[in-house]
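The next block holds one structure in the form of structure tokens; read it before the comments.
We did not get these values from a lab; they are worked out from the coordinates using the rules stated. From a predicted model like this one, the values you see are computed outputs, not experimental measurements.
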Amino acid sequence: MTSGEYQRVAALEQQRKKVGRELRAALSGGLYLSFNRLQSSWRSYRRARCYFEARLAQLEGSRHGPPLMVRNARNASGKLQQDPACLVDLLEQEGRLWLRYREHADRAVNQSEKELTQAKIDRQTSKLLSQEIRQTLDDRGDKALGRIYRATYTSWLNVMAMQCVFEAMLPVVREDELEAAMSPMMDTRCLQNHMQQMVVTLKSYQTRIGALPEKAAESSAPTPPPAQASPPPSKPASNICVMSGLPDEFQLVAAGVYSGGQPASKQLEKGGPVTRQVVVKAHLPDKPVVLALTAYDPVIWRIHRSPQTTIAGVIVSGYSAQSVEGVARDVPVRNVNGPLNERSDCRRFYAYRTDQAESLNARLKTLTGRSMDHFEPGGGSVRSIALGQAEQVPESDWIVGGTGEMPKSGANQAELPAGMAGFEALAARGDLRLATQAEIDAWVNKAQQKRPGVKITHRMRVGNAYMVLKQTTLPNNQRSPSLISGQSGSGIPTLLLPSGAPSPNNRDGIIMLYRMEQGDCVGLLDRACVQRRSAKIVIK
């Protein structure tokens, strides 16, 4: 920071403190405490945001040469300083606020429905923008900038909450009204102003971050501009992240959604959002087509093609796990959410709006060596997407050609449907069967023999108790609503283990196993679910 910038910041800081002291002297009770919290929130927000803007400007300088605002972004010790332009801007904003509060113009608390509605819309927009900024920073691998951004965003929300609560309390003049004013109601005009400013600022950050080079320089020293690249070859250079097996001539058609429509029969992410499915109907007869399918939430893409359409390859990617069905096994499928996504040039991506087409095109060009021919943005929750002139194809002519082979990616793959459907599938293939009342009573008798005079309680019921028949692995997502509610009120499934039968593998560890031979009950992650308390056995 230059001497002129330092003097400007110091003067604003002194003015802000002076007005703040005068304002605190005029306040009392709940307003005094609320204003102190607001001041603290502003300090945290100012520090986080100005560090973030200094780092962002530093990275921009590494590409274009050091601009004026970051020529002193680091001091002599190499420690990143706060951006001076950001400091001046926020100190001026804070000073104007304190002056307005000191004047304390008596006004009614504004709870305009129109302002509140607009604030809610802007809040949703800012959440989506923030998610995309965090994803972009994750893709770049810049953990330091990501941490500073998250601190900036969180502190900004905290400032908004504190300031808007304070402004809702500001018209209060009688001490007996303070209790009502301390409710979480916020001033709607304050909310609307904050959210509008946040949307504008986040859009600016999104544009600036998107323009940064793929790999950011870690030092403040400027890097020489890259050499002018030659025109891209028709085939991309050999790289583990480049999709292989594609024909020389093909069309590249992309589609994206935020989430699917109908819930799928299996869960792609353990404990994650509900996996939904999207039907893709493609009638693209001109030349072989490579489909690029992206989503934010977990999606299973079910591909239907017309007889005149040749699927030359499929790319799937998203913020969450993705899968594809309906293509022949000899069709190359690249799941960018697979094991390769730890590489900087293989990281996951997604697009479901028109304004995301440019960044999507850049990622697909890295994978395929060519630009998109068409992008179909599906927006929010989508059941099906039509590519080409799909409406011309009779419903009976659609072809579904098998299941594509997907790279395994740890917990993102599930062999069984989630929840109760998974237990039904295990029973259908002979790993489990429903226990009878006689078998439940046999366990109770065994437990009673081992504990004379003790009342035995349990959670087994006919319809929710399964007898283990062979070694098996239980389904994921046992906390899903289908298990908590059960079928016909039967509740969470329980297991009976006969003498000599192997104990099943339990992924979530919440199912209780009643052992016939021992007459006891244990959790499948070595957690006992039977405790002795005075005169009975208690099942947790």
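For residue 260, the residues whose modelled amide H falls within less than 5 Å of its own, excluding neighbours fewer than 5 places apart on the same chain, are 276, 382. One decimal place: the segment residue 399-residue 204 gains 65.7 nm when fully extended, by the rule 0.36 nm per residue minus the C-alpha distance. Distances between placed amide hydrogens fall under 5 Å for residue 302 paired with 278, 279, 280, 325, all partners being 5 or more residues away or on another chain.
Close Lys pairs in segment 251-412, defined as Cα atoms under 26 Å apart and 8 or more places apart or on different chains, number 7. Full extension of the segment from residue 6 to residue 25, taken as 0.36 nm per residue of separation minus the current Cα-Cα distance, would add 4.0 nm. The length gained by stretching the chain between residue 371 and residue 43 to full extension, at 0.36 nm per residue less their Cα-Cα distance, is 113.5 nm.
Quick check on segment 251-412: take the gyration tensor over C-alpha atoms, sort the square-rooted eigenvalues as a ≥ b ≥ c, and tell me if it's rounded (a/c under 1.5), prolate or oblate. Since a/c stays below 1.5, the shape of segment 251-412 is classed as rounded.
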